[in-house]
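Here is the structure we will look at.
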Amino acid sequence: MKYKAVFFDRDGTLTYFNPVKDELRNEMILSWSGHVLEMSYEKMMHLFELAAEGRKPWYKNLDDERKFFQRFYRYLLIGEGVVQELDIRSEMLFSELWCNNDRLLFPETIEVLEYFYRKGYKMGVISDTSPSLEYTLQQLGIAKYFTSFTASSLAGAGKPNPIIFNAALLAQDVLAKESIYVDDTKNEADGAREQGFTSFLIDRSGNATEKWTITTLKELVDFVEEYNI
């Protein structure tokens, strides 16, 4: 089988969240509110609904997203009982936490992207995320490797819905059977495989032993070196 394209998930696959930013957020809110921030999934989703202010989808472009997260951090502080200097403090959170060194690259990411780039593969990112997908990868210096950025917020569906996978294939003008995909979430990797991709689950813990599971992106290189002849 001759593969033409490689698609990557972003978070947990190419990048991981910078723990320093969570620590900074928690320290700032503790100093202003006097108590430790507890952020459950339900609480986060409630803040998202508040920040959306009735809009669906929540954001359609980068400007929408900036305004959305400015509102998000304002509602977060209100919920934590912070009332003094609310405008200044919410802007401080936004400036520190939105697209500001909030993601880091896994050690092998650039090496693997360089390999596929030099070999002439088409490369794209498929991510359940906001319009800033390409912008975040530009900040990390790796956007140059990709010719498509498929974000769920713009595709109209998230993984494993076929809609988002089909949008990514259309953007690269390739078929699923000509494409490799890798994701750190099992149902999303499985969803791509059901659409015809050669799809891998990346589990860096080494605990998963199922077929089509890898522990590092370098194993993708090993795979194509052996099979893509």
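FYI, it's all coordinate maths here, none of it is from the lab. For clarity, every value in this text was computed on a predicted model and none was experimentally measured. Cβ placement follows ideal geometry from the backbone for every residue including glycine, while neighbour counts extend to all protein chains displayed.
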Any idea what the relative contact order of the chain is, in percent, if you count C-alpha pairs under 8 Å spaced at least 6 apart?
25 percent
Take the Cα radius of gyration of segment 19-97 and divide it by 2.2 N^0.38 Å, with N its residue count; two decimals is plenty.
1.07
Give me a comma-separated list of calculated 3J(HN,Hα) values for segment 144-160, in order, Karplus coefficients 6.51, -1.76, 1.60 applied at θ = phi - 60°, integers in Hz, x for any Gly or Pro.
4, 7, 10, 10, 8, 9, 9, 9, 4, 5, 9, 6, x, 6, x, 5, x
Between GLU226 and LYS56, what is 0.36 nm times their sequence separation minus the Cα-Cα distance? Round to one decimal in nm.
56.6 nm
Expected sort for ASP63, ASP9, ASP22 with the fewest Cβ neighbours (10 Å cutoff) up front is ASP63, ASP22, ASP9
State the Cα centre-to-centre distance between segment 34-84 and segment 178-229 in whole Å.
34 Å
If you filter segment 59-96 for GluC sites (Glu not before Pro), then keep DSSP loop positions with at most 12 other Cβ within 10 Å, what is left?
GLU85
If you take the beta carbon distance between PHE106 and ASP63 as r and set R0 to 41 Å, what does 1/(1 + (r/R0)^6) give as a FRET efficiency, to the nearest 0.05?
0.85
Mind listing the Cα extents of segment 162-229 along all three principal axes, in Å, largest one first?
33, 29, 15
Fewest to most Cβ atoms within 10 Å: ILE78, ILE126 sort as ILE78, ILE126
When only C-alpha pairs under 8 Å and at least 6 residues apart count, what is the relative contact order of segment 14-90, in percent?
26 percent
Checking segment 1-40 for GluC sites (Glu not before Pro) in a loop per DSSP with at most 12 other beta-carbon atoms within 10 Å yields GLU38
Dimensionless Rg over Rh [the chain; C-alpha; Kirkwood]:
1.01
What does the helix-only formula give at 222 nm for the chain: each DSSP H stretch with n ≥ 4 adding -39500 (n - 2.57), the total divided by the residues, and the result rounded to the nearest 500 deg cm²/dmol?
-14000 deg cm²/dmol
For segment 102-209, run through the trypsin sites (Lys or Arg not before Pro) and keep only the ones in DSSP coil with at most 13 other Cβ atoms within 10 Å of their Cβ.
LYS119
